[in-house]
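Participant: Before I ask anything, here is the structure I am working with.
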Amino acid sequence: MTGRNPIEALARLRHEFGEHGGVNMSIEASSTFTVMEPGTMPAMFKGLKGHDAGCYLYGRHFNPTVYHLGLQLAAIEGTEAAYCTASGMGAISATLLALCKAGDHIVASNAVYGGTYALMNDFLPEKSGITTTFVDITDLDAVRKAITDKTRAVYTESLSNPTLRVADIPKLSAIAHEAGIPLVVDNTFSPLILSPVDHGADIVVHSITKFISGMSDVIAGAVCGTEAFIESLMDLHAGPLMLLGPTMDPKVAANVSLRIPHLPLRMAAHGERALALAERLEEFGAQVCYPGLDVHPDHGLLDELRCPDYGYGGVMTVDMGTETAANALMSKLQNTYGFGFMAVSLGYFDTLMSCSGSSTSSEMSDEDKASAGISPGLVRMSVGYTGTLEQRWQQLRDALREVGKQQTAA
Ligand SMILES: *Cc1c(COP(=O)(O)O)cnc(C)c1O
């Protein structure tokens, strides 16, 4: 916890009114922008005039509405700047390509989102010769040893997916900085709960698709960092956002920007419900993993790092032992009880459930899954806040009892 208050920082941004005095900012639905003087355009292309002077060039470069959502993300994360992208993967790939050139190297957590893993393990080495060494990010010695003179970044998720280990951001950033390289943190699982930059991280990436959107209706992402780094993503000659074009639509930006004011309420609601269910699951004897529980190996670390107002996050896992039992539980919960949905993704207002080993982490080999602690019966639940706690607990308890009986009978 630090003294910075993201909510105050967000409130300070509320000077941007709509064209007709609307309480919400107008949507700038233009892909191109006029200049009043012919001399302005060459100056913009040379970088002498830019969005900071109210001169916009082209919608793939900077759009004022997308830029405004970026300011909101920067306020949340405590960074100088941020810019939003068409997806979380757009944000992650642009960040890595901005930091690394052919032949460079990344040290990354071995428990990252499946798409990130495939990008680092398969795509980048094949297309660009950028290689990654995956390590247990809680093993600080292993992180230090994996860094070479070619390493350009240390990459981790704040809360790992789906194993929910907490990255020791202060120590990891010290290790990265000792080597003169940045620490990049994917904070998708814990917006507002954890502010990586306050603890020494340099760049934060988000899949807005998840908690920040909260409605499972858009795919979107963001990169938060220094002014210089964000500007470099938009460079006309070398900027991965500018040249690869994972551009956020301004209508999506306006829509998402109206959800930021209730992100704090939603994160607190997810966290409160998840903690209550995890506590009851533990008492029931289920193999539950949730960083809000005292028994979680990183509970104390998360307490040191987190902002106390938003709980411990909305994601927990239940290990059912086998994939068959995991599937039986999810099927009962969805099709008999209406507890939630069998679907990948997270951060929705209803509960989403998936068996990580055969879905979002299926890009990993069995060996890699085992070393990352992803067992075949692991059910990841992104806990929603609809219904009452008592209703939801009864549904969960009854489904667990029935699957337990089936297993004893078999
Ligand atoms: C979903 C997810 C991503 C990818 O985001 P998209 O918006 O689907 O491209 C990256 N990191 C984490 C932790 C995620 O959960």
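Participant: Could you sort the peptides 44-54, 122-132 by per-residue average Cβ neighbour count (10 Å cutoff), highest mean leading? All intermediate terms of the calculation are to be shown ahead of the outcome.
Facilitator: Details: 44-54: 13.1, 122-132: 15.4.
In descending order of packing, they fall as 122-132, 44-54.
Participant: If you plug each phi of the stretch 241-247 into the Karplus form 6.51 cos²θ - 1.76 cosθ + 1.60 with θ = phi - 60°, what whole-Hz ³J(HN,Hα) values come out, in order, with x for Gly and Pro?
Facilitator: Each residue of the stretch 241-247 in turn: 6, 5, 9, 8, x, x, 8 Hz.
Participant: Among the listed pairs LYS171/LYS210; LYS145/LYS369; LYS145/LYS210; LYS101/LYS145; LYS49/LYS127, which have their C-alpha atoms separated by more than 31 angstrom in this model?
Facilitator: Working: LYS171/LYS210 27 Å; LYS145/LYS369 22 Å; LYS145/LYS210 33 Å; LYS101/LYS145 22 Å; LYS49/LYS127 35 Å.
Too far apart for the 31 Å limit: LYS145/LYS210; LYS49/LYS127.
Participant: Under 24 Å Cα-Cα from LYS405, which lysines qualify once same-chain neighbours fewer than 8 residues away are excluded?
Facilitator: LYS332
Participant: How many nm separate the modelled label positions at ASP350 and MET41, each set 7 Å beyond the Cα in the direction of the Cβ?
Facilitator: The modelled label-to-label distance comes out at 5.1 nm.
Participant: GluC sites (Glu not before Pro), restricted to the stretch 1-76: which are DSSP loop and have at most 14 other Cβ atoms within 10 Å? Each step should come with its number before you reach the end.
Facilitator: On the way: sites: GLU8, GLU16, GLU19, GLU28; in loops: GLU16, GLU19, GLU28.
The qualifying sites are GLU16, GLU19.
Participant: Taking 0.36 nm per intervening residue step and subtracting the Cα-Cα distance, what contour gain separates ALA174 from ALA53 on full extension? Numbers along the way, then the final one.
Facilitator: Details: separation 121, 0.36 × 121 = 43.56 nm, distance 3.61 nm.
Extending this stretch completely gives an extra 39.9 nm.
Participant: Continuing with this model, one more query. Can you pull out the chymotrypsin sites (Phe, Trp or Tyr not before Pro) in the stretch 286-363 whose DSSP state is coil and whose Cβ has at most 16 other Cβ atoms within 10 Å?
Facilitator: Numbers: sites: TYR310, TYR312, TYR337, PHE339, PHE341, TYR348, PHE349; in loops: TYR312, TYR337, PHE339, TYR348, PHE349.
Qualifying residues, ordered by number: TYR337, PHE349.
Participant: Let me ask something else. Subtract the Cα-Cα distance of MET215 and ARG12 from 0.36 nm times their separation in residues, and report this length gain in nm to one decimal. Don't skip to the end; give the middle numbers.
Facilitator: Numbers: separation 203, 0.36 × 203 = 73.08 nm, distance 2.58 nm.
Difference between extended and current length: 70.5 nm.
Quick note: the coordinates plus some simple rules give every number you see, no bench work behind them. Nothing here was measured: the structure is a model prediction, and the numbers come from that model. Please note: Cβ atoms are built from the backbone with ideal geometry, for glycine as well, and neighbour counts cover all protein chains shown.
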